1. With an 8 Å cut-off on Cα pairs and a minimum separation of 6 or more residues, tell me the relative contact order of segment 184-251 in percent.
2. About the Cα centre of segment 286-331, how large is the charge dipole given +1 on each Lys and Arg Cβ and -1 on each Asp and Glu Cβ? Please answer in debye to the nearest 20.
3. Once fully extended, how much extra length lies between Asp66 and Leu146, figured as 0.36 nm per residue of separation less the alpha-carbon to alpha-carbon distance?
4. Once you have the Cα-Cα distance between Ala221 and Lys237, take 0.36 nm times their residue separation minus that, and quote the gain in nm to one decimal.
5. According to a simple spin-label model (label point 7 Å from Cα along Cα-to-Cβ), what is the distance in nm between Asp54 and Val82?
6. Got a number for the accessible area of Thr171? Probe 1.4 Å, square angstrom, nearest 10.
7. Hey, rough spin-label estimate for Ala188 and Ser25, points 7 angstrom out along Cα→Cβ, what's it come to in nanometres?
8. When all C-alpha to C-alpha distances in segment 1-70 are sorted into bins of 5 Å, what percent of pairs does each bin hold, rounded to whole numbers?
Amino acid sequence: MNGTGGDARLRAVAELARAVAAAKSPMEAAVGAASSARVALGGSMAAISRWERDRGRLRVLVNDGDLAPGEEPQPAEEVYSVADFPEIVEFLHAKWTEGGEPHAWIETAEGPCPGRGGAYCHQRVATLRRRGRTSCVIAPIMLHGLAWGELYVARGAGRPVFDRDDAEFATVLATLTAAGIAQTERLAEVRRLAFSDPLTGLANRRAVDQRLEEAVERHRADGTPVSLVVCDLNGLKRVNDQLGHAVGDRLLVGFGSVLSLCGSALEGSLVARLGGDEFCLLSVGHSAEEVVAVAEELCVRAKWLGLGDGVAVGVASTDAEIGVVASGRRLFRLADAAQYRAKALHSVEPVVAGRGAPEDPVVRLADQPAGPDVERRRFRGRD
């Protein structure tokens, strides 16, 4: 960066490192890196893009700084065909696979600039001219030995073009960016594993507990309806005993897919396997009638699986007459009691909490302190 000493660049490196270290997701890392890199290189704008190899295109994740018309901070669909940027394959990988190290290069609005290491990509030069910029520096972001994407920093009209020192510094910044993105991707994978069921790929009990408490807090704050559908897959033990656990697993996976399909009618719903043969669907912002309609569809579709004996379904909703719901556990107990009643009655339709007969002891069960035996029966496989 012109006029900037080594100390300033060290501070810039530290600032970018702090930005990506504080990120909680790859997108947050990209946002922090783009902003820090723009400042560090004295650019007017910066972008982080990802190479989608399977689609042969660059997807822009982040634009930062002085943006031109049509550029958005986090564009939903700004993509470019790799055919328009042949240096990604021809220039970059030709150099790397011959034993060279990944390094940044410079393009200018004037075209080739001897000694600056430009690849002279006509598409990039045309873009610089169209957007009133003098030059740009492009640094590859490498993860696991492959090009993950690129860091792009440009300078506006009237600013000096980038030089070789800037390109070398951009390479360092891209390396730090790669480390931050790799870290957040690992954290994201750990979180995914911690909150998902390995057999079905659905959310697990931990994810439900967290989302349910958040939903109930929202309900208490502004009245947003929260509903819980608890399902017990009938006949799993018989299938396991007679046909083997591999077939039983296929039944669980199949039912999980059916539950996911039905749950998709309730935008934003969470579908989970609680453990064993128990599943649930958490809905926020939908009326009780909408949720019950989905539960009814679920009961019908469960019969199509061809294995097992259908499903026992209980529904509890703050949008129904169930009294005050002060905690997620309260709603869970109501839904589970309704499911237990559906199972006891061999019901082919969902049982809805608050709609049973007052004298029904199973309905009252949800409102009473649970003893150890009842609690184990009600929450088996969920802890």
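1. 15 percent
2. With only Lys, Arg, Asp and Glu charged at Cβ, the dipole is about 260 debye.
3. Result: 25.8 nm gained on full extension.
4. Full-extension gain reported as 1.5 nm.
5. If labels sit at Val82 and Asp54, their model points lie 1.4 nm apart.
6. Thr171 exposes around 30 Å² with every protein chain in place.
7. Roughly 0.8 nm, to one decimal.
8. 3, 17, 21, 22, 18, 12, 5, 2, 0
The values are calculated or read from the model by the stated rules, or taken from the named source; none is laboratory data. Just so we're clear, the structure is a prediction, and the values are computed from it rather than from any experiment. Cβ atoms come from the backbone with ideal geometry, glycine included; neighbour counts cover every protein chain shown. The accessibility values were calculated without ligands, DNA or RNA, using every heavy atom of the protein model including side chains. Shrake-Rupley method; radii C 1.70, N 1.55, O 1.52, S 1.80 Å.
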